[in-house]
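The block underneath contains the structure these notes are about, expressed in structure tokens.
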Amino acid sequence: MYEIKYHPLLEEDLKQLNNAVRIEVFKKLKKIQQSPELGLPLGNKNNMNLTGLRKIYVAKKQVRIVYEIIDAILVIYVIAIGKRENMEVYKQAEQRK
């Protein structure tokens, strides 16, 4: 089973979500921990290089979890969680990558 590690700024992302969505996020993270390949691969999005990262939807596709699978050490590194509005979650992911 993969270990989940979080980007240091992820706490800020979670604070912006309501409790119900936060619970959904943690349930989805448990599923990712069991099957990391669940998320869809990201590539270039609006001139942002997100190659090697994956995304998975939460809260009826309103929120995305962006993460990286590091197979060599069995780690899922969660980089950003947030809404897609104005590509914000992807911009955060690119900066934090």
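Only one of the listed residues (Glu94, Glu88, Glu68) is surrounded by fewer than 18 Cβ atoms within 10 Å (Cβ to Cβ) and either outside any helix (DSSP H, G or I) or not aromatic (Phe, Trp, Tyr) (or both). That residue is Glu88.
The single residue among Leu53, Leu42 that is in contact with an Asp or Glu (Cβ under 6 Å, 6 or more places away or on another chain) and within 20 Å of Met87 (Cβ to Cβ) turns out to be Leu53.
Within segment 1-24, restricting attention to residues that are acidic (Asp, Glu) and in a helix (DSSP H, G or I), which residue is surrounded by the most Cβ atoms within 10 Å (Cβ to Cβ)?
Going through the qualifying residues, I end up with Asp13.
Taking the conditions (1) open to solvent by 60 Å² or more (accessible area, probe 1.4 Å); (2) touching a Ser or Thr at 6+ places or on another chain (Cβ under 9 Å) in turn, Leu42 satisfies each one other than (1). For the structure I just gave you, tell me whether Ala80 is on the phi < 0 side of the Ramachandran plot, in a helix (DSSP H, G or I) and either of a type outside the set (Val, Ile, Thr) or at pLDDT 95 or above (or both). Judged against the criteria, Ala80 is not a match.
Considering Lys45, Lys31, the condition of being charged (D, E, K, R), on the phi < 0 side of the Ramachandran plot and modelled with pLDDT under 95 is satisfied by Lys45 alone.
The values are calculated or read from the model by the stated rules, or taken from the named source; none is laboratory data. Just so it is clear, the structure is predicted and the values come from calculations on it, not from any experiment. Please note: Cβ atoms are built from the backbone with ideal geometry, for glycine as well, and neighbour counts cover all protein chains shown. Note: accessible area is taken over every heavy atom of the protein model, side chains too, but ligands, DNA and RNA are not part of it. Shrake-Rupley method; radii C 1.70, N 1.55, O 1.52, S 1.80 Å.
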